[in-house]
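Report on one structure; see the data block that follows.
The values are calculated or read from the model by the stated rules, or taken from the named source; none is laboratory data. Since we're looking at a predicted model, the values are computed, not measured. Cβ: placed from backbone, ideal geometry, glycine included. Neighbour counts: every protein chain shown. When the accessible area is computed, the model is the full protein with side chains, heavy atoms only, and any ligands, DNA or RNA have been set aside. Shrake-Rupley method; radii C 1.70, N 1.55, O 1.52, S 1.80 Å.
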Amino acid sequence: SSGINAEYGENRMKLDYVLGLKTEDFLERRLQTQVFKLGLAKSIHHARVLIRQKHIRVRKQVVNIPSFIVRLDAQKHIDIAINSAYGSGREGRVKRKRMRAGAGGAGDNDEDED
């Protein structure tokens, strides 16, 4: 009989915990918020853009949903995606274009010569 009561009490505590959660607690668990809080993004808006543009991964999986709820055990595994230009992926479109232009033209300087 005491086993059943202990189980009921445990479930009751879990339920009270869940019911006690505030809106802020859920917003705090969003990937968008986590990316900003971890310092991977300059602002909450920047975090959203990075996520949508597939620069962020949780463990090995690239996630592009800003509202993705990050579990506590996965929180330590939020990082820049491997194939992202921010990580160790290839350079972005503009940089590659400039490198090609620089290789073709002799001395592509932005400075004005007098």
field: Close pairs from segment 10-33: first free of Cβ contacts under 8 Å to residues at least 12 places away in the same chain, partner open to solvent by less than 70 Å² (accessible area, probe 1.4 Å), Cβ under 7 Å, at least 6 apart
entry: L27/T33
statement: The condition from (1) open to solvent by less than 100 Å² (accessible area, probe 1.4 Å); (2) aliphatic (A, V, I, L, M); (3) farther than 22 Å from G89 by Cα that A47 misses is numbered (3)
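So that you can scan it fast, the table gives a plain yes or no per residue for (1) of a type outside the set (S, T, Y); (2) open to solvent by less than 60 Å² (accessible area, probe 1.4 Å); (3) under 15 Å from E28 (Cα atoms); (4) in a loop (DSSP other than H, G, I, E, B):
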{"site": "L40", "(1), (2), (3), (4)": "yes, yes, no, yes"}
{"site": "I51", "(1), (2), (3), (4)": "yes, yes, no, no"}
{"site": "R57", "(1), (2), (3), (4)": "yes, yes, no, no"}
{"site": "P66", "(1), (2), (3), (4)": "yes, yes, yes, yes"}
{"site": "A74", "(1), (2), (3), (4)": "yes, yes, yes, no"}
{"site": "D79", "(1), (2), (3), (4)": "yes, no, no, no"}
- line: Scanning segment 1-38 residue by residue, the ones that are surrounded by 10 or more Cβ atoms within 10 Å (Cβ to Cβ) and outside any helix (DSSP H, G or I) total 4
query: Applying the selection to segment 85-101, what residues are open to solvent by 100 Å² or more (accessible area, probe 1.4 Å) and over 19 Å from the mean Cα position of the chain (by Cα)?
result: R90, R93, K95, K97, R98, M99, R100
